[in-house]
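Presented below is the structure to which this report refers.
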Amino acid sequence: MEVSVERIHGMFQRMLLMRAFDEHAGDARRANLLRGSVHEYIGQEAIAAGVCAALHDRDYLSSYHRGHGHCIAKGADPTAMMLELYGKAGGVCGGKGGSMHVADFSLGILGANGVVADGVTIAVGAAQAVRLLGEDRIVVAFFGDGALNRGPMLEALNWARVYDLPVLFVCEDNGYSDRTRTVSVTGGPGIVARSEAFGIRTQSVDGNDLIAVAHAAAKLVAEVRAGRGPLFLHATTYRWRGHLALDKGLYRDPAELEGHQANDPIERVVAWLGAHGVTTRTIDADRREAVAQIEAAVAAAQAAPLPDAQALFTDVQDLGAPAWP
Amino acid sequence: MEVSVERIHGMFQRMLLMRAFDEHAGDARRANLLRGSVHEYIGQEAIAAGVCAALHDRDYLSSYHRGHGHCIAKGADPTAMMLELYGKAGGVCGGKGGSMHVADFSLGILGANGVVADGVTIAVGAAQAVRLLGEDRIVVAFFGDGALNRGPMLEALNWARVYDLPVLFVCEDNGYSDRTRTVSVTGGPGIVARSEAFGIRTQSVDGNDLIAVAHAAAKLVAEVRAGRGPLFLHATTYRWRGHLALDKGLYRDPAELEGHQANDPIERVVAWLGAHGVTTRTIDADRREAVAQIEAAVAAAQAAPLPDAQALFTDVQDLGAPAWP
Amino acid sequence: MAVMTYAQAAQLALRQEMQRDPRVWALGEDLGPEGGVAGQYLDLQREFGRDRIVDTPISESTIMGSAIGAAICGTRPVVELRYADFGLCAADEIVNQAAKARYMLGGQVRVPVVIRQQIGFRDGMAAQHSQSTEAWWVHIPGLVVVAPATPSDSHELLKAAIRCDDPVIYMEHKELWTTSGEVDTAVEPAPLGRALVRRHGTDLTLVTWSGMLPDCLAAAETLSARGVQVEVIDLRTLWPWDRDTVFGSVARTGRLLVVHQAVRIGGFGAELVAETTECLFGDLDCAPRRLGAPRTPVPYSQPLEALCRVSEAQIVATVLAMVGAAASTGHR
Amino acid sequence: MAVMTYAQAAQLALRQEMQRDPRVWALGEDLGPEGGVAGQYLDLQREFGRDRIVDTPISESTIMGSAIGAAICGTRPVVELRYADFGLCAADEIVNQAAKARYMLGGQVRVPVVIRQQIGFRDGMAAQHSQSTEAWWVHIPGLVVVAPATPSDSHELLKAAIRCDDPVIYMEHKELWTTSGEVDTAVEPAPLGRALVRRHGTDLTLVTWSGMLPDCLAAAETLSARGVQVEVIDLRTLWPWDRDTVFGSVARTGRLLVVHQAVRIGGFGAELVAETTECLFGDLDCAPRRLGAPRTPVPYSQPLEALCRVSEAQIVATVLAMVGAAASTGHR
Ligand SMILES: Cc1ncc(C[n+]2csc(CCOP(=O)(O)OP(=O)(O)O)c2C)c(N)n1
Ligand SMILES: Cc1ncc(C[n+]2csc(CCOP(=O)(O)OP(=O)(O)O)c2C)c(N)n1
Ligand SMILES: [Mg+2]
Ligand SMILES: [Mg+2]
């Protein structure tokens, strides 16, 4: 399956947007303009971009705490997302969710999630709904390497196989579970052995190589769509920032970080695009465009109104008053 | 490692005791002399007998809902157990636990357990205590094939490997998870693939062949004792009765049951003992002795007093009254 | 109208809802082979197939998590968690996902899932199979909590729960499965949140639900013979509970007693007493009281388990004390 | 005596207990690298090694289950579950195993485990990282529930919890980590179950704990200036709670207000109000009241989160209403 230069170029533009979005989100959190936990996706962008390019709008996507990139890759509006991070009324979740719960259901994005692995059990259920309703969709579940030690994650792998569900599992293996090196708390031969032990065919890929991810995802998504799922993509990568914006990442050797920064997934695409005839001028324009788009989103977010007090009480549940006198 | 005829004979006697115990327990439950859930171990006795013969008294054992056999195999007093099933004051747990919670801590038996797989997480913790206290003990965790689909079970496998704990996992694979055929809800190549995916060396054995189980267990226990654990024993077997005493097992093909009854682990040892010089007369005496011992236990249990009302309030916790006026 | 058991009524309700709406389905352990632990799914797999009555692995977290995913994606799952005790294996999914998804996502989704968890003592099931955890769920924003006490409600309330667009914790009582009574099989489900006055009375308001209803009615009968007329309210829905009915009654009787099988300390009775006291303090003729299990795990042995149960005699004695105490101090 | 933060006091307590008793150890996610999310384990792995300050996989069920096994086999584990929200991932192990093992096994074992779960709002942590679930644990037989509000208690109560032979749910408040105060570093831990009167008063008894204590004290200050003297009781241990102190105070003041950050409906305030009403009905001058969060998930956006908080102004207004109401109707 060949992925065209044009399509790679489109994915690259999304990567730039993700990068710019999280550059701002992290800085804004450190400046206390945002609240709560903000997990930057910086360094991992090729995975979301490559995988989501293989999806249709109607396909479902479930994400985890590091979820901004997946939303952008699936087509969510960065402005509405930025409003959400700023807790504004016009945010994708009306300001009630924040960074850990960004979602856009109109694009099949079931949401980021604050509990490790819970998004994966939700994803296999979404696939069951697809099956039951006879719909033509597939489900992609993103999660980190740390999730593979949580029971519900492992249950969900079994579940997908038992019911032969149309799910593509995508593990973003950045080597860390919060401040702990995942290998130090993960027994046995590793992630691929685990998914295969549940009968789920698994492919590994260099998650910093957009072209490789895009090819692998195109193939796997087509297979899942054809009913040959569930399948599993294991993508190795690295997160440049701390676990979350307020974590300085001091437990890591600076040399380790530098090594990985030299392997910037964005610059690797830049090189590839250059080799395939895209000019530096075009790429520079892309970069400016991404930054400009995020700047506009930030400006809009900062100018937007906060939610009305009564929003506190809406969408709790239909029955019963949230507060009795 | 050779296991002597004498030792096999001793294990055989324990098997007879288990069988007689659960013959009575099942009947007594069906006659409403007992209460609650009673899970008979009938047909699986070779596993407990063979594994526990390799253990010292000080070794820890954790069990699950089908726990009578493991207790007897580890040396628990069938009379105190029977009192427990009859809810009597002198029961191993003072009548407060019942069939699903039989335990004898003085023999390292941490207890049967009413929640699938929870005993396994407890077992790996026991092994951590052993390590921390520098004790010379190992831990054996028994569980069923259905448990391999529960997250905590899978987490515990990882856990034991991460900390290299002295645990022997023993899966009693009787093909059923309650009324459901386990294979119908278990994806992938199966149980052995799962434990190995967590880096735990696994051996399969015919669980109805006492000699095979005893040999395998002796070897594995010695390895765990020598610090080469955790290890995993996968023993295939079959339960003759329903999932619990009140389940008639109508979801099974009678032919299936008959086939397995022809493979009675007890009669297989009888044949082996015969071939190794143990006389029919001795074996008949063994059978009578086991039945007599259980009859005596039942008589004692039926005659024993019920707990005093105040037992309701003891051993809840040191602080705070369980019932304020 | 037909006479049937609480279990049969539950089976009928699910069957009717599945016939009515193809998006309704059920999942859990052992629903197919013998129709669930109480036959409440009997024959349904035969009628609707293995895709709509789904036998699952022993994976409570994923049973619950997948139902949430399926609910937000357009279906209406009925989750069978068996005992409320095992419901705790899915507490995270229930509380952190099912109850909050609609709110956290700013109303983009709804989570129409029914979460069945059996509660209560039955015949020596002991500490890990006897708990009544309704108070936990009432405390969690986003959840509806329902507990039917009769065959008729077993039918009607399950239908109502299935049609509810929010997650419903649906608690059936193990001892009620085999009770039988009249069921209007053609009934349209009543709205959730309405209590029923099971017996009218003027002297004291007794609020109860689920497995304690029969004992409360028996106690009321005994008390009636002794000249004390107790109004027995079956709450049916615990969240939101029917303030109008309870407050209206307490305003008339001046006395409130709540009876439940759950542990008394921290039970839902505390909320009912606290809220009623806050709102109707001036109308109360005596201190409202609660009866429930002592704060001990549930023991196996029959006489000990029996001591954990609120007995008819205890209800009678408590009511008499309350009525007598009030009589002796007079209206304040 | 030394001045230190609540987090430092917690670190010191654990350190002292680990020095004192080699059976004490701790386990949880990320305890080593930076000493836990609030530095409450800072440097301890360096001092005690990786076998006693254990970094774990993200496996809440097994973190909890293994600690139970280790506790019944002779050690005294301190479990770090991080946020109370994730504590729900181990609800089964806490409720069905830790709380019941001693009882179910007829007293053969004890489960000396401290289960740390951080509660409360902090700075937009939103719906899955802000819950206060103390009411759940109070309802479960077998558990002790502790919630320190000051650096001194962060030190003293953690030590007491570690020495307790039963499972202790130990709830630290996220907003308190950085508060500082005097700590008697050489203190022997006081027994659990004792409240502290943080401020004496005659007009109303305000019972609170954990993160709401500072707001309650501030409100009491404001009220004092307006001539209303509020007695502020810091409960410290929620189960068993200190009836003598609370009842003694309410018997004097005739008025009870409970303030907590947890959701008001079904919160532990309900138990305190219900029990006090049952026992002291005749002493009450007005209806006891409770303040807590509305029954909504915790929203992210700052102004919405702020609305979920019980504010000083709300406390002041409620106290004034209670005192005024009583004043207008007079002693009854
Ligand atoms: C059940 C649960 N336990 C713990 C946490 C705290 N936590 C948040 S993210 C994280 C590490 C996750 O690592 P990984 O899955 O590899 O994702 P990454 O952050 O590396 O992208 C932890 C422990 C949580 N959110 N949920
Ligand atoms: C967490 C949990 N879920 C469900 C149950 C109900 N249950 C009890 S035993 C059992 C089947 C267990 O099968 P397996 O582990 O193979 O053991 P077996 O009964 O075959 O010996 C089930 C589902 C339970 N006890 N705990
Ligand atoms: Mg990671
Ligand atoms: Mg089995």
Residue under evaluation A:His56, criteria (1) surrounded by fewer than 23 Cβ atoms within 10 Å (Cβ to Cβ); (2) in contact with an Asp or Glu (Cβ under 6 Å, 6 or more places away or on another chain); (3) away from chain D (no Cβ under 14 Å), criterion not met: (2)
Failed item, numbered, when C:Gln8 is tested on (1) crowded, with 24+ Cβ neighbours inside 10 Å; (2) in contact with a helix residue (DSSP H, G or I) (Cβ under 8 Å, 6 or more places away or on another chain): (1)
Pair list, Cβ under 8 Å, 6 or more apart: region D:75-93 residue under 21 Å from D:Leu12 (Cα atoms), other residue within 16 Å of ligand 3 (Cβ to nearest atom): D:Glu80/D:Glu29; D:Arg82/D:Glu29
Residue that is farthest from the chain's Cα centre (by Cα), among those in region C:185-215 that are of a type in the set (S, T, N, Q) and either assigned by TED's automatic domain parsing to the domain that holds C:Ala13 or assigned to a loop (DSSP other than H, G, I, E, B) (or both): C:Thr202
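Residues checked against (1) surrounded by fewer than 22 Cβ atoms within 10 Å (Cβ to Cβ); (2) more than 14 Å from chain B (Cβ to nearest Cβ); (3) within 19 Å of C:Ile58 (Cβ to Cβ); (4) touching a residue at least 60 places away in the same chain (Cβ under 8 Å):
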| site | (1), (2), (3), (4) |
| --- | --- |
| A:Gly144 | no, yes, no, yes |
| A:Leu148 | no, no, no, no |
| A:Asp164 | yes, no, no, yes |
| A:Asn174 | no, yes, no, yes |
| A:Arg179 | no, yes, no, yes |
| A:Ala197 | no, no, yes, no |
| A:Gly207 | no, yes, no, yes |
| A:Leu210 | no, yes, no, yes |
Any hit, region B:126-134, residues being surrounded by fewer than 22 Cβ atoms within 10 Å (Cβ to Cβ), at pLDDT 95 or above and over 27 Å from D:Tyr103 (Cα atoms): yes
Matching entry among B:Val278, B:Val224, B:Val298, B:Val269 (being surrounded by 19 or more Cβ atoms within 10 Å (Cβ to Cβ), not polar (S, T, N, Q) and not in a helix (DSSP H, G or I)): B:Val278
Residue count, region A:106-123 (criterion: within 7 Å of chain C (Cβ to nearest Cβ), touching an Asp or Glu at 6+ places or on another chain (Cβ under 8 Å) and either more than 14 Å from ligand 1 (Cβ to nearest atom) or free of Cβ contacts under 8 Å to residues at least 24 places away in the same chain (or both)): 1
Hits in region A:186-195 (condition: of a type outside the set (Gly, Ala, Ser) and either surrounded by fewer than 21 Cβ atoms within 10 Å (Cβ to Cβ) or within 16 Å of ligand 4 (Cβ to nearest atom) (or both)): A:Pro189, A:Val192
Selected residue [modelled with pLDDT of 95 or more and in a loop (DSSP other than H, G, I, E, B)] from B:His9, B:His24, B:His70, B:His39: B:His39
Yes/no for A:Ser37 being buried (at least 24 other Cβ atoms within 10 Å of the Cβ) and either of a type in the set (Ser, Thr, Tyr) or at positive phi (or both): no
Only listed residue being surrounded by fewer than 24 Cβ atoms within 10 Å (Cβ to Cβ), away from ligand 2 (no atom under 16 Å from the Cβ) and assigned by TED's automatic domain parsing to the domain that holds D:Gly65, chosen from D:Gly87, D:Gly120, D:Gly107, D:Gly142: D:Gly107
Residue check, D:Gln118 in contact with a helix residue (DSSP H, G or I) (Cβ under 9 Å, 6 or more places away or on another chain) and within 14 Å of chain A (Cβ to nearest Cβ): yes
Residue among C:Tyr103, C:Tyr41 that alone is of a type in the set (Ser, Thr, Tyr) and assigned to a loop (DSSP other than H, G, I, E, B): C:Tyr41
Only one of B:Phe143, B:Phe105, B:Phe198 that is at pLDDT 95 or above and within 16 Å of ligand 4 (Cβ to nearest atom): B:Phe143
Residue check, B:Ala218 more than 16 Å from ligand 4 (Cβ to nearest atom), assigned to a helix (DSSP H, G or I), buried (at least 24 other Cβ atoms within 10 Å of the Cβ) and of a type in the set (A, V, I, L, M): no
Meets criteria (more than 14 Å from chain B (Cβ to nearest Cβ), within 30 Å of D:Ala101 (Cα to Cα) and in contact (Cβ under 8 Å) with a residue 60 or more places away in the chain) for D:Glu172: yes
Region B:124-142, subset facing chain D (nearest Cβ under 7 Å) and in contact with a helix residue (DSSP H, G or I) (Cβ under 6 Å, 6 or more places away or on another chain), residue nearest to A:Met153 (Cα to Cα): B:Val124
Test: residue in region C:162-169 that is within 14 Å of chain D (Cβ to nearest Cβ), part of a strand (DSSP E or B) and within 12 Å of the chain's Cα centre (by Cα): yes
For D:Asn96: the one exception among (1) within 7 Å of another protein chain (Cβ to nearest Cβ); (2) without any contact (Cβ under 8 Å) to a residue 40 or more places away in the chain; (3) not in a helix (DSSP H, G or I): (3)
Identity of the residue in region B:147-176, out of contact with any strand residue (DSSP E or B) (no Cβ under 7 Å at 6 or more places or on another chain) and outside any helix (DSSP H, G or I), that ends up nearest to A:Trp159 (Cα to Cα): B:Arg150
Residue in region B:22-38 that is away from every other protein chain (no Cβ under 11 Å) and under 23 Å from B:Ala235 (Cα atoms) present: yes
Test for C:Met64: is it outside any loop (DSSP other than H, G, I, E, B), surrounded by fewer than 24 Cβ atoms within 10 Å (Cβ to Cβ) and either within 14 Å of chain A (Cβ to nearest Cβ) or of a type in the set (A, V, I, L, M) (or both): no
Residues being more than 7 Å from chain B (Cβ to nearest Cβ), surrounded by fewer than 23 Cβ atoms within 10 Å (Cβ to Cβ) and in a loop (DSSP other than H, G, I, E, B) - total across region C:282-308: 3
Scope region A:79-90; condition surrounded by 24 or more Cβ atoms within 10 Å (Cβ to Cβ) and touching a Leu at 6+ places or on another chain (Cβ under 7 Å); matching residues: A:Leu85, A:Tyr86, A:Gly87
Selection within region B:294-325 - touching a helix residue (DSSP H, G or I) at 6+ places or on another chain (Cβ under 9 Å) and at pLDDT below 95: B:Ala321, B:Pro322, B:Ala323, B:Trp324, B:Pro325
Matching residues, region A:150-159, being over 20 Å from A:Val183 (Cα atoms), within 7 Å of chain B (Cβ to nearest Cβ) and not polar (S, T, N, Q): A:Glu155
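The values are calculated or read from the model by the stated rules, or taken from the named source; none is laboratory data. Note that this is a predicted model, so its numbers are computed, not measured. With ideal geometry, Cβ positions are generated from the backbone for all residues, glycine too; neighbour counts draw on all protein chains shown.
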